[in-house]
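See below for the structure under consideration.
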Amino acid sequence: MCGIVAYIGHREACPIILKGLKRLEYRGYDSAGVALLTPEKNLNIYKKSGKVSDLETSIEGKDLHANTGMGHTRWATHGVPNDVNAHPHLSGSGEFAIIHNGIIENYASLKQALIKRGHEFKSDTDTEVLIHLIEEVYKNNDLGFEEAVRMALTQVIGAYAIVILSKQDPNYLIGAKKGSPMVIGVGENEHFIASDATPIVEYTRNVIYLHDGEIAIIKGTELTIKTIDNTIKTPYIQELEINLESIEKGGYEHFMLKEIYEQPRSILDSFRGRTHINDAMIAMAGIDKFEDKLKNVKRIIIIGCGTSWHAGLVGEYLFEDFARIPVEVEYASEFRYRNPVLDESDFVIAISQSGETADTLAALELAKSKGATIFGICNVVGSSIPRFTDAGAYTHAGPEIGVASTKAFTAQVTALILMALSIGQKRGTLSSQRLRELLIELETIPSKVERTLATDPLVKIIAEEFKNSTNALYLGRGYGFPIALEGALKLKEISYIHAEGYPAAEMKHGPIALIDEAMPVVVIATQHSYYEKVISNIQEVKARKGRVIAIATEGDEEIKNHADYVIYIPPCEESMLPLLATIPLQLLSYHIAVMRECNVDQPRNLAKSVTVE
Ligand code: G6P
């Protein structure tokens, strides 16, 4: 949550910062602000509740000249979203300014102590407390700027990615990280700091991912990286893999639509190079590394949040089907606060698009502390989870900007399919012949997704019909159940219609009471093992006058007798159904949200990367 950008160099800072903030708006969009420091030591701070575009309008005609500056886009945690709580925040004397992503957990006690010592606060934020603390340490101990930041941070409990500047020194910028992401772009006599690489990519491809407990000190054109206990580190400069095109809309009206349409490619990229049909084998270095352990493993625990948790449920079915391993799928936030029974024999898989979700990371830390082997399925290269895990598999979905996850989900499912098949083969629960068949099927999926995307005009008609609904029900069985959950989540997230996903057979234990002629019921009713049962469930809905939208297999004419609308998807292996059935549900939510004039890419109250508990 919250996005940060900073610049120090020879260019005008403000346009770089504003453009960068727009790229990071997926991380929060409650307010935005910039601090611009001129060579003459004038520090101009502009901040505004609302989006970056509101800030942009509000600063038209203002003095924006500066070569050093920083900006912030906020997802509110402490204090309501208003102009005062917007970042940057100033120290008591106005000497220091800060931007912050994360949460200072001991802010209340720090604040009380500071108030007792005469500090006055303007905002309700934890961030303002931190900058007051830094200034106090600076003044009381007669320390330099860098030392003061370092010493103050030793008193802080919580997570942060911060950038601080000092009015006295326009050539000085300090960044620090613990728990929240921070990337430093290294250009020709200029440096960039940001929450991810997207604000940086058009200026330089050389980046450094700061590690937890590290501080970046930029003085003029010199960058030094130290640990919080003052040990100098040699920075590891990496070349960025993303390109500018992948983070722009490319002619689509919204990022979400672009990302839905990218799925034939993102699924392909997630298995390309890993499957070897002729040799009936899958090459996944992370899995091969733990071959011995996985051959005998007694259970797998999958953890995630939101859409990634839904991918985990698909994973459960896959591991059970192909590798015959018992699986538990856990919400990271619950898992971390229980007293889970875990030991060295467990294999824990964390699924996370961003690789930064605080709860998932904390759950992994817990699992690691108990000796379990930890594995990550992540989309963002170099993010915290892949750096923390023993091994992992990247999904190659490319940057996902729309807050509601689409292509990252199908890429996660693709990675899970490969893992389940590979482990199944190693354990002898999947024959080479069957593996070959499944890999041949997987190869067809990108073109089947393409065909599924062609249902878009029909989905749009259905969206028009149901756009004013207040509730919706999504039903599925087997592999269709996690898809029902994911379909309902998509609708909730972006169109603000209350929607619930349910196992189709559970409907009669509650949700059936809600069904009337106003209730759209989306049913995954493809011709797989549960087909007849689902048809019975559809009839139960129809008997209560519910309106049925069925996701069915091409060629199934019978279903037209039961459902009000039928969206056909190509036939496929049951285990690969999630890769196809999800697509029309994504499109349905998208069109309904657009018709309801909702902000599709930045739905209210949500953020893409949830780096707070
Ligand atoms: C947020 C996003 C969801 C995402 C979830 C988990 O809630 O809005 O789209 O599924 O976080 O994120 P992760 O990056 O761990 O997959």
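Every read-out reported here was derived from the displayed coordinates using simple, explicitly stated rules and does not represent laboratory data. Model, not experiment: these values are computed from the prediction. Cβ atoms come from the backbone with ideal geometry, glycine included; neighbour counts cover every protein chain shown.
Sort R117, R274 by Cβ crowding within 10 Å, fewest neighbours at the top.
R117, R274
Each peptide among 508-519, 94-105 gets the average number of other Cβ atoms lying within 10 Å of its residues, and from highest to lowest they stand as 94-105, 508-519. Under 5 Å from the amide H of T553 lie the amide H atoms of Q527, I569, each residue being 5 or more positions distant or on a separate chain, with H modelled from the backbone and absent for Pro and chain starts.
For the range 219-287 and the range 546-576, compute the distance between their C-alpha centroids and round to whole Å. Cα centres, the range 219-287 to the range 546-576: 36 Å.
Please compare each pair in K467/K508; K407/K460; K111/K219; K293/K448 to a cut-off of 24 Å on the Cα-Cα distance and tell me which ones are over it. Over 24 Å Cα-Cα: K467/K508; K111/K219; K293/K448. Would you mind checking the range 471-495 for residues with the amide N under 12 Å from a putative spin-label position 7 Å along Cα→C-beta of E320? Under 12 Å, as judged by backbone N against the label point of E320, lie 478-482 of the range 471-495.
Can you tell me, using C-alpha contacts under 8 Å and at least 6 residues apart, the relative contact order of the range 1-147 as a whole percent? Mind showing how you got there, number by number?
Details: 307 pairs, mean separation 35.3, N = 147.
So the answer I get is 24 percent.
Set the Förster distance to 22 Å, then compute FRET efficiency between A518 and N605 from the Cβ-Cβ distance, nearest 0.05.
Computed FRET efficiency for A518 and N605 comes out at 0.30.
Each label was represented as a point 7 Å from its Cα along the Cα-to-Cβ direction; for T231 and Y496 these points are 5.1 nm apart. Fewest neighbouring Cβ atoms within 10 Å first, the residues D601, D343, D83 line up as D343, D83, D601. Modelled spin labels at S109 and L458, positioned 7 Å past Cα toward Cβ, are 6.1 nm from each other. For the chain, hydrophobic long helices are taken as DSSP H runs at least 27 Å long by C-alpha position along their axis with mean Kyte-Doolittle hydropathy of -0.5 or more; these are 407-427, 432-453, 577-595. If you model the range 454-600 as an ellipsoid using its alpha carbon gyration tensor, with each semi-axis the square root of five times an eigenvalue, the axes come out at 21, 18, 14 Å, biggest first. Could you please state, rounded to a whole Å, how far the C-alpha centre of the range 407-441 is from the C-alpha centre of the range 327-380? Answer, in whole Å: 22.
Within the P(r) computed for the chain, what percentage of the Cα pairs occupies the region above 46 Å? Tail fraction, whole percent: 20. Ranking L587, T77, N42 by how far each Cα lies toward the positive end of the dipole of the chain (charges on Cβ) leaves T77 at the top. Listing E344, E136 from fewest to most neighbouring C-beta atoms within 10 Å gives E344, E136. What the phi angles of the range 251-261 give under the Karplus curve with 6.51, -1.76 and 1.60, with θ = phi - 60°, is a coupling list of x, 7, 6, 9, 4, 4, 5, 4, 6, 4, 6 Hz, glycine and proline written as x.
Site pair D288 and K368 shows an inter-label distance of 2.5 nm when each label is modelled 7 Å from Cα along Cα→Cβ. Shown in residue order for the range 86-102 are the 3J(HN,Hα) couplings computed by the Karplus curve 6.51 cos²θ - 1.76 cosθ + 1.60 at θ = phi - 60°: 5, 8, x, 10, 10, 6, x, 7, x, 6, 10, 10, 9, 10, 8, 10, x Hz (x for Gly and Pro). Based on C-alpha pairs under 8 angstrom that are at least 6 apart in sequence, the chain has a relative contact order of 12 percent. When only Cα pairs below 8 angstrom with a gap of at least 6 residues are kept, the range 249-450 shows a relative contact order of 30 percent.
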